[in-house]
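Visitor: Before anything else, here's the structure in question.
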Amino acid sequence: MRPDQERRNTVEAAASLRSRPLRIGIGGPVGSGKTALVASLCREMSAAVSLGVVTNDIYTTEDADFLTRAGVLQPNRIVAVETGCCPHTAIRDDIVANLDALAMLEGSHPDLQLELVESGGDNLTATFSRGLVDLQIFVVDVAGGDKVPRKGGPGVTTSDLLVINKVDLAQMVGADLGVMERDAKQLRGPLPVVMCSLVDDPGAAAVREWVERQLCLDHRTDRELP
């Protein structure tokens, strides 16, 4: 058996033991690459894991439309929430619309094992309510310069995974990747940091592997599922 097939079988078996889908929030500033990352994870993982996605935009369904056009999932596995307000509110303070969207997905697809909840683009203070998601990924990119991680904010310092995205652009914008990684690790301590380029690695291998590891854990005990 090929290693990639063995990996898929392991993840599929562990995910099937969950009492409900694992919910992962994906947040970050406008243009950091959240939707492209969601598309990559869906494309790479949907063969082994039953997936659903909820997107948040203030006044449009643009992110959901992008995922639908990309064909990364069946359209009925993608639900759009139009927040009509600051994205912080819909993912952290008044999460009812997102909970309703997740309930809709789970009602239509009882086999769901993983749900990705993408926040609308916001600043470094955006975080998800733990009543909405189990884990959160925060995405920043190099376009803002290498000062971005050291500015901190709860998205950078407390997310379960920090993704520094678009590293292929670093030379063009004069960003020092070593500085970005160093500052991020100093602020985050043991929490993981991934350097990512969807141009060089369209499959986002390091992020996908992190998500797969989470699917194999019981997050109530931090132990591997049997």
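Visitor: What number goes with the only condition from (1) modelled with pLDDT of 95 or more; (2) in a loop (DSSP other than H, G, I, E, B) that Gln136 does not pass?
Guide: Just one mismatch for Gln136, condition (2).
Visitor: Across the range 26-59, what is the number of residues that are of a type in the set (S, T, N, Q) and in a loop (DSSP other than H, G, I, E, B)? Don't jump to the end; show me each part of the working.
Guide: Here is the first cut: in the range 26-59, the ones of a type in the set (S, T, N, Q) are 32, 35, 40, 46, 50, 55-56.
Retained after the next criterion (residues that are in a loop (DSSP other than H, G, I, E, B)): 32, 46, 50.
Selection size over the range 26-59: 3.
Visitor: Enumerate the pairs (first residue in the range 174-187 and within 9 Å of Pro149 (Cβ to Cβ); second residue anywhere and assigned to a loop (DSSP other than H, G, I, E, B) and among the acidic types (Asp, Glu)) with beta-carbon separation below 8 Å, excluding pairs fewer than 6 apart on the same chain, so at least 6 apart or on different chains.
Guide: Here the result reads Val179/Asp146; Met180/Asp146; Asp183/Asp146, each pair linking the range 174-187 to a residue that is assigned to a loop (DSSP other than H, G, I, E, B) and among the acidic types (Asp, Glu).
Visitor: With Thr61, Thr55, Thr68 as the choices, which residue is over 19 Å from Gly203 (Cα atoms) and surrounded by fewer than 22 Cβ atoms within 10 Å (Cβ to Cβ)?
Guide: Thr61
Visitor: For residues that are of a type in the set (S, T, N, Q) and at pLDDT 95 or above, scanning just the range 96-125, find the one that is surrounded by the most Cβ atoms within 10 Å (Cβ to Cβ).
Guide: This residue is Asn98.
Visitor: Here is a follow-up. Across the range 102-133, what is the total count of residues that are within 30 Å of Asp168 (Cα to Cα), touching a Pro at 6+ places or on another chain (Cβ under 9 Å) and outside any loop (DSSP other than H, G, I, E, B)?
Guide: Of the residues in that region, 2 qualify.
Visitor: Does Asp146 satisfy the condition of being among the acidic types (Asp, Glu) and crowded, with 17+ Cβ neighbours inside 10 Å?
Guide: So Asp146 passes the test.
Visitor: Kindly indicate whether Leu132 is in contact with a Leu (Cβ under 8 Å, 6 or more places away or on another chain), aliphatic (A, V, I, L, M) and either free of Cβ contacts under 8 Å to residues at least 24 places away in the same chain or under 25 Å from Ala80 (Cβ atoms) (or both). Spell out the reasoning first.
Guide: Numbers: in contact with a Leu (Cβ under 8 Å, 6 or more places away or on another chain): yes; aliphatic (A, V, I, L, M): yes; either free of Cβ contacts under 8 Å to residues at least 24 places away in the same chain or under 25 Å from Ala80 (Cβ atoms) (or both): yes.
Here the answer is yes, as Leu132 does meet what is asked.
Visitor: Scan (1) part of a helix (DSSP H, G or I); (2) over 15 Å from the mean Cα position of the chain (by Cα); (3) in contact (Cβ under 8 Å) with a residue 24 or more places away in the chain; (4) surrounded by fewer than 21 Cβ atoms within 10 Å (Cβ to Cβ) for the single condition Gln214 breaks and write down its number.
Guide: (2)
Visitor: Could you grab the pairs with beta carbons closer than 6 Å, sequence gap of 6+ or different chains, first residue in the range 199-210 and of a type in the set (Phe, Trp, Tyr), second one surrounded by 13 or more Cβ atoms within 10 Å (Cβ to Cβ)?
Guide: Every condition considered, the pairs that remain are Trp210/Leu161.
Conditions (1) modelled with pLDDT of 95 or more; (2) more than 27 Å from Lys151 (Cβ to Cβ), marked per residue:
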| site | (1), (2) |
| --- | --- |
| Glu12 | no, yes |
| Ala15 | no, yes |
| Arg18 | no, yes |
| Pro21 | yes, yes |
| Ile26 | yes, no |
| Ala36 | yes, no |
| Val49 | yes, yes |
| Gly52 | yes, yes |
| Phe66 | no, yes |
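Visitor: Go through the range 149-175 and give me each residue that's out of contact with any strand residue (DSSP E or B) (no Cβ under 7 Å at 6 or more places or on another chain), surrounded by 15 or more Cβ atoms within 10 Å (Cβ to Cβ) and not in a helix (DSSP H, G or I).
Guide: Listed by number, the residues that qualify are Gly152, Gly153, Ala175.
Visitor: If you don't mind, there's one more thing I want to ask. Tell me, which residue of the range 126-143 that is surrounded by 24 or more Cβ atoms within 10 Å (Cβ to Cβ) and aliphatic (A, V, I, L, M) is farthest from the chain's Cα centre (by Cα)?
Guide: Ranking the qualifying residues of the range 126-143, first place goes to Val142.
Visitor: In the range 71-83, which residue that is assigned to a strand (DSSP E or B) and in contact with a helix residue (DSSP H, G or I) (Cβ under 6 Å, 6 or more places away or on another chain) is surrounded by the fewest Cβ atoms within 10 Å (Cβ to Cβ)?
Guide: Taking the candidates together, the pick is Ala80.
The values are calculated or read from the model by the stated rules, or taken from the named source; none is laboratory data. Source: prediction; values computed, not measured. Methodologically, a virtual Cβ is constructed for each residue, glycine included, from the backbone with ideal geometry; neighbour enumeration extends over all protein chains shown.
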